[in-house]
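Accompanying notes for the structure given below.
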Amino acid sequence: MRCAHVDGSKIADIVPVDMVVNSLIATAWDVASAPDRNIAKVYAFTSGSRNQLIWKDLFKNLSDSAHVLPSVNCMYYLVMVLTKHLLLYRLCSILLELVPACFVDAVPYIRTGKHK
């Protein structure tokens, strides 16, 4: 993912997966042990108001970490464009994702004349 359709100044309501799994187990136990199963319950799970993470801070931290410890499988320089405008997001998606993918797919065909 090289571009994202998000407002960089908004809160990223991200929850660690172990907390999600724990809440699912607790919810399943609560529903199974409830005496009246005809009443539907609604559960909401959010990250809360402590240690809020802003989208642009998240991607800056990821970018800084990727420069310090780059992946051996990385094929391109890390670029991340955050935009809240749908048209700009679609344009960036085409230019930064679709065009390079088509180029990478076309190179073996041009070199060998065979398509995988």
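The values are calculated or read from the model by the stated rules, or taken from the named source; none is laboratory data. Keep in mind it's a predicted model, so treat the numbers as computed, not measured. FYI the Cβ positions are ideal-geometry reconstructions off the backbone, even for glycines, and counts take in every protein chain you see.
Quick look at the values:
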read-out: Conditions (1) touching a strand residue (DSSP E or B) at 6+ places or on another chain (Cβ under 8 Å); (2) loosely packed, with under 11 Cβ neighbours inside 10 Å; number of the one not met by Ile54; value: (2)
read-out: Selection from region 32-51 of residues that are loosely packed, with under 10 Cβ neighbours inside 10 Å, hydrophobic (A, V, I, L, M, F, W, C) and either in contact with a helix residue (DSSP H, G or I) (Cβ under 9 Å, 6 or more places away or on another chain) or modelled with pLDDT of 80 or more (or both); value: Ala32, Val42, Ala44
read-out: Unmet criterion (only one of (1) surrounded by 10 or more Cβ atoms within 10 Å (Cβ to Cβ); (2) among the charged types (D, E, K, R); (3) at pLDDT below 85) for Lys116; value: (1)
read-out: Total residues in region 66-91, condition loosely packed, with under 11 Cβ neighbours inside 10 Å and of a type in the set (Ser, Thr, Tyr); value: 3
